[in-house]
Amino acid sequence: MSGGKRVGIILGSISDIEQAKKAGAILKELEIPFEVTIASAHRTPEDVKNYSEKAMDRDIGVIIAVAGLSAALPGVIAAHTLLPVIGVPVSAGSLGGIDALLSITQMPPGIPVSSVGIDNGRNGALLAARILAISDKTISVRLVEYMEKQSEKVIRSRQEIEDLPPAPANAF
Ligand code: RP5
């Protein structure tokens, strides 16, 4: 396990649940403990503040904040904790997630949050895993295995190229 550290996933709304499922699947595969809650920067600001302030003492090691539209959630969390915060912008609303992406990445200087791509809960989890892996060798080992599996998948997929001239094996 991750030196006792968990990943905390906060959704701005139940409508963001798909990203938590994607992140959760990765964290389960990597055997990293995590918890999921819903707290809105706009609708339940006190809950966001309290969760963020208590998180470090509750052995949360990194927070994934999933939000759409103006997506203030990751920045507000980061204002209340020193834990690293990973934003996952959600493609909610008429702008397809660009609004959330910009809200998360354009934080004013002083309160940093990171961001993965729009609707990319998987990368949110993988980035969280890399952060925990800094101080947990077992997670590093699992991440290396995960990356090796991805490489093998790409290499196997070369056999599926049909009717097009393949690059020779000695090209790599
Ligand atoms: C944000 O507004 C949430 O993160 C969600 O992505 C978006 C829409 O929320 P709902 O109106 O579906 O609750 O706060």
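Across region 158-172, in residue order, what do the Karplus-derived ³J(HN,Hα) couplings come to in whole Hz, using 6.51 cos²θ - 1.76 cosθ + 1.60 with θ = phi - 60° and x for Gly and Pro?
Listing the rounded values in order: 5, 6, 8, 6, 10, 6, 9, x, x, 5, x, 4, 6, 6, 10 Hz.
Would you mind putting 146-152, 17-23 in packing order, based on average other-beta-carbon counts within 10 Å, highest first?
The packing order, highest mean first, is 17-23, 146-152.
Helix hunt in the chain: which complete DSSP H runs extend at least 24 Å axially by C-alpha with mean Kyte-Doolittle at least 0.0?
Span-like helices here: none at all.
Go through 81-87, 5-11, 52-58 and give me the packing order, highest mean Cβ count within 10 Å leading.
Most protected by this proxy first, the peptides run 5-11, 81-87, 52-58.
Taking R0 as 22 Å, what's the FRET efficiency between Arg43 and Leu82 from their Cβ-Cβ distance, rounded to 0.05?
0.30
Along each of its three principal axes, how wide is the spread of alpha-carbon positions in the chain, in whole angstrom units, largest first?
59, 41, 30
What relative contact order, as a whole-number percentage, does the chain give when Cα pairs under 8 Å and 6 or more residues apart are counted?
Numbers: 309 pairs, mean separation 38.5, N = 172.
The value is 22 percent.
Per DSSP H run of n ≥ 4, the term is -39500 (n - 2.57); total these for the chain, divide by its residue number, and report the mean residue ellipticity at 222 nm rounded to 500 deg cm²/dmol.
Result for the chain: -13000 deg cm²/dmol, rounded to the nearest 500.
Values in this text are rule-based calculations from the coordinates and carry no lab data. Keep in mind the model is a prediction, meaning the values are calculated, not measured. Virtual Cβ from ideal backbone geometry, glycine too; neighbours counted across all protein chains shown.
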